[in-house]
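The structure appears below as structure tokens.
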Amino acid sequence: GNFGSLDGDGAAAMRYTEARLAAIAEELLRDIRHDTVEWRDNYDATLREPIVLPAVLPQLLVNGSTGIAVGMATNIPPHNLKEVVDALLALIEDRDLQTKDLLKFIKGPDFPTGGEILNTRAELRQIYESGQGAVRVRSQYKPETAGRKSLVVITSIPYTTNKATLVEEIAEHIASRKLPLAVDVRDESTDDVRIVVELKPDAAPDAVMAYLFKHTNLQMNFNVNLTALVPTGHAGVGQPARLTLLDLCRHFLDFRREVVRRRLTHELGELRERLHILAGFLKLFDGIDKAIKIIRAAASRAEAQRGLMQAFDLDEVQADAILETRLYQLARLEIDKIRAEQKEKETRAREIERLLKSDKALWGLVAGELRELSDKYGDARRSVLKAGAELTYDAEAYVVHEDTTVVVTRDGWLKRVGEIKDPASTRVREGDLAKWILRGTTRDSLALFSTLGVAYVMKVANVPATTGYGEPVQSLLNFKDGERIVAAVLVRPGAEKVELPAPDKPQRDLFGKGAEAETVEAVTVVMAGVEQPQVVDRWLVASAGGMGLFCRPDLSETTRSGRRFARTRDDDALVSVGPAAGDVITAVSSGGKALAFPAEELPELAGAGRGVILMRLDAGESVVAAVCHPANRPPLAIGDDGSERKVALPELLHRAQKGRKALKRMTVVDLR
């Protein structure tokens, strides 16, 4: 390209940069001068440019294409030249082949950066038959040792991935201790990719790569979109369409056949023009002396032309050619050459006429040129097909296993610290208090139950580790305005199976699955003030409006938006969520009334709902808390001043009653 600038005197200072085409790129232009494609004016109508290039190379499939236009996009992966040519040759032999037949030759995309393609043959077939889909590509790697050090060497990266950015990304994961199995990364690449990851002793290379494939661009999806402009019958006008692999191959072959036909037609026209001129030379041969006299006697070129045309029965083209010829070329030896050229060109013209009349001969010519292209430029496949070779990713394997304490405050601030000997010593914001202090490990999960009936579950390792106030829950999870934490527990990995007895009065439509006993997944939880972990199979949920239910919330890890386990009305909110570890339910109202009734009276909802009436309330009252406990272990009521008192009732009542005054001279804020 040329780059121009103005120097201090205002004169144009030109700088030139040479750009040379690769040999294979010249195949795109091979037939450009033989009237093989249509031409049009360029942007300012000063030059002419081809509408398309008369490519011998199946450019769109071999090199791929990526682009975005108004309302559409394309993303075609590159393919192996030999495989594409083999598929085209097979399609020339049998025009009834389908996409599935072409996939015997084209194994899948072939990226110049190599890598491993993880899709199955069935998945690739679906992509090529529909024209869209995701190709999963990952880097190749190999374990090495350097002295006593264990290494993983990454030898290829996915197509379009920036290597420098990738190395920085891996380094960040190692520095932040998210990948504790690795200690360092460095780029030792020269002409070939070589990214070296140094491992800790006894670290498994596959485990390290499983993490990197999950969290970096060492594994990524190439989203195939086979959209292209297809001919409409009007020169220079293409219609966008999503194509199959078969469509792409057929369109290229039809285009290539037309290019070859036009090239032969153009060549035949040039041959006929030359034969016409040679015929004029031969007419002149026996009367050369007469021709010389006519030319010498003529007063001008035009008069000489007319004289030759009349004397030898020539047309203007032939006469002009003779006038342009030097006399020595009309000697006998040169005339012999003209006759030999005439014979050669007549033979070639007859051959071209035969080719143009035979469709089979044209396809044979197309096939021969494709074979020549494949033999000259084809190379071995670089991307390896590794269907089913995905590595198992276990998030727990990358968490540093250490004891920790999670602190959740009343106002919803979270933090993770080492050990707390005195709860009063932990730092909280002014006016706040540490409501839940949960002792566990970094491999546990933290489950937060909100007043709106949503459970948020996150890894303890992701809770901010700090000796300060921590972080507000709104910065970590998508809490809504006015939504608060009502309960917090730690969930231990490794659920147990718990068999529940059949309910006495099953209600299939609303609450249960029937009268049969069922085996469910339970979770191991650690709650504030409980030394030993306990296995929990179901939970008691109570709202301020006096509604209650049993449920089994899914406490697997959630997104930031959480997972709903109960529903509330706009004027209601949950006040109590806890394990159902007993056969009696005790609820306490803000008026100091307590109601205890058998747990079997409260149904279990199969999905998220409001439940049934737990306790009837007087005007202005609300439920403060509710717990499910063994009959021989009454719950403790917690006052607003921190005092504790047992809730002792003389007898069990029934659900949906008002209860009895049981807690005088005490403002209850919680039960446990």
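Let me spell it out: the conditions are (1) assigned to a loop (DSSP other than H, G, I, E, B); (2) modelled with pLDDT of 85 or more; (3) touching a helix residue (DSSP H, G or I) at 6+ places or on another chain (Cβ under 6 Å), and R429 meets all of them except one. Which number is the exception?
Just one mismatch for R429, condition (3).
Output the number of the condition that T442 fails; it satisfies all remaining conditions of (1) in contact with a His (Cβ under 8 Å, 6 or more places away or on another chain); (2) farther than 30 Å from K214 by Cβ.
(2)
Which of the residues belonging to the stretch 259-272 are touching a residue at least 24 places away in the same chain (Cβ under 8 Å) and not polar (S, T, N, Q)?
Scanning the stretch 259-272 gives V259, V260, R261, R262, R263, L264, H266, E267, L268, L271, R272.
Considering the stretch 196-219 alone, what residues qualify as being outside any helix (DSSP H, G or I) and more than 14 Å from G115 (Cα to Cα)?
Looking only at the stretch 196-219, we keep the residues that are outside any helix (DSSP H, G or I), and these are 196-204, 216-219.
Result: V196, V197, E198, L199, K200, P201, D202, A203, A204, T216.
Looking at T120, T74 in this structure, which one is open to solvent by less than 30 Å² (accessible area, probe 1.4 Å) and polar (S, T, N, Q)?
T74
Residue by residue through the stretch 571-592, note down the ones that are of a type in the set (S, T, Y) and either modelled with pLDDT of 90 or more or in a strand (DSSP E or B) (or both).
Within the stretch 571-592, S576, T586, S589 meet the criteria.
Looking only at residues in the stretch 603-659 that are part of a strand (DSSP E or B) and basic (K, R), which one is most open to solvent (accessible area, probe 1.4 Å)?
Here the answer is K646.
Quick one: in the stretch 280-318, of everything that is farther than 21 Å from I335 by Cα and small (G, A, S), which residue is farthest from the chain's Cα centre (by Cα)?
So, considering only residues that are farther than 21 Å from I335 by Cα and small (G, A, S), the one farthest from the chain's Cα centre (by Cα) is A297.
Whether any residue in the stretch 242-263 is in contact with a strand residue (DSSP E or B) (Cβ under 8 Å, 6 or more places away or on another chain) and outside any helix (DSSP H, G or I) is what I want to check.
Yes.
Determine if the stretch 163-186 includes at least one residue that is at pLDDT below 90 and among the polar types (S, T, N, Q).
So far as the stretch 163-186 goes, yes, one or more of its residues are at pLDDT below 90 and among the polar types (S, T, N, Q).
Scanning for something over 30 Å from F255 (Cβ atoms), polar (S, T, N, Q) and buried (at least 17 other Cβ atoms within 10 Å of the Cβ), does the stretch 337-349 turn up at least one residue?
There is at least one residue in the stretch 337-349 that is over 30 Å from F255 (Cβ atoms), polar (S, T, N, Q) and buried (at least 17 other Cβ atoms within 10 Å of the Cβ).
If you go through the stretch 256-297, how many residues are within 30 Å of T99 (Cβ to Cβ) and surrounded by 17 or more Cβ atoms within 10 Å (Cβ to Cβ)? Talk me through it step by step, then tell me what you get.
If we filter the stretch 256-297 for residues that are within 30 Å of T99 (Cβ to Cβ), which is where we start, we get 256-263.
Filter once more, keeping what is surrounded by 17 or more Cβ atoms within 10 Å (Cβ to Cβ): 256, 259-263.
Going through the stretch 256-297 one residue at a time, the tally reaches 6.
Looking for something under 31 Å from the mean Cα position of the chain (by Cα) and of a type in the set (G, A, S) - is there at least one such residue anywhere in the stretch 85-93?
yes
Looking at (1) open to solvent by 30 Å² or more (accessible area, probe 1.4 Å); (2) at negative phi; (3) among the basic types (K, R), which is the only condition R138 fails?
(1)
Which ones in the stretch 583-597 are open to solvent by 30 Å² or more (accessible area, probe 1.4 Å) and closer than 24 Å to P630 by Cβ?
Correct list: D583, K593.
Among the residues of the stretch 358-404, what is the count of those that are more than 31 Å from the chain's Cα centre (by Cα) and at pLDDT below 90?
Qualifying residue count for the region: 4.
Mind counting the residues in the stretch 21-47 that are closer than 22 Å to V260 by Cα and either touching a residue at least 60 places away in the same chain (Cβ under 8 Å) or in contact with a Lys or Arg (Cβ under 9 Å, 6 or more places away or on another chain) (or both)?
Within the stretch 21-47, residues that are closer than 22 Å to V260 by Cα and either touching a residue at least 60 places away in the same chain (Cβ under 8 Å) or in contact with a Lys or Arg (Cβ under 9 Å, 6 or more places away or on another chain) (or both) number 11.
Going through V152, V196 one at a time, which residue ends up being among the aliphatic types (A, V, I, L, M), in contact with a Lys or Arg (Cβ under 8 Å, 6 or more places away or on another chain), modelled with pLDDT of 90 or more and more than 22 Å from G388 (Cβ to Cβ)?
Of V152, V196, the one residue that is among the aliphatic types (A, V, I, L, M), in contact with a Lys or Arg (Cβ under 8 Å, 6 or more places away or on another chain), modelled with pLDDT of 90 or more and more than 22 Å from G388 (Cβ to Cβ) is V196.
Any residue that is more than 30 Å from R443 (Cβ to Cβ), under 50 Å from the mean Cα position of the chain (by Cα) and of a type in the set (D, E) - is there at least one of those in the stretch 581-590?
Within the stretch 581-590 (the criterion being more than 30 Å from R443 (Cβ to Cβ), under 50 Å from the mean Cα position of the chain (by Cα) and of a type in the set (D, E)), the answer is no, since none of the residues qualifies.
Enumerate the pairs (first residue in the stretch 566-582 and of a type in the set (S, T, N, Q); second residue anywhere and buried (at least 19 other Cβ atoms within 10 Å of the Cβ) and not in a strand (DSSP E or B)) with beta-carbon separation below 8 Å, excluding pairs fewer than 6 apart on the same chain, so at least 6 apart or on different chains.
Pairs found: T568/T451; T568/L452; T568/G453; T568/G545.
Being buried (at least 16 other Cβ atoms within 10 Å of the Cβ), over 30 Å from R242 (Cβ atoms) and either at pLDDT 90 or above or in contact with a helix residue (DSSP H, G or I) (Cβ under 7 Å, 6 or more places away or on another chain) (or both): is that true of I157 here?
The answer is no for I157.
Name, by its number, the condition in (1) assigned to a strand (DSSP E or B); (2) surrounded by 14 or more Cβ atoms within 10 Å (Cβ to Cβ); (3) of a type in the set (K, R) that does not hold for K107.
Of (1) assigned to a strand (DSSP E or B); (2) surrounded by 14 or more Cβ atoms within 10 Å (Cβ to Cβ); (3) of a type in the set (K, R), only one is false for K107: (1).
Quick one: count up the residues across the stretch 437-483 that are among the hydrophobic types (A, V, I, L, M, F, W, C), within 27 Å of A542 (Cβ to Cβ) and in a strand (DSSP E or B).
10
The values are calculated or read from the model by the stated rules, or taken from the named source; none is laboratory data. Since this is a predicted model, take the numbers as computed values, not measurements. Every residue, glycine among them, receives a Cβ derived from its backbone with ideal geometry; neighbour counts consider all protein chains shown. Surface accessibility is based on the protein's heavy atoms, side chains included, excluding ligands, DNA and RNA. Shrake-Rupley method; radii C 1.70, N 1.55, O 1.52, S 1.80 Å.
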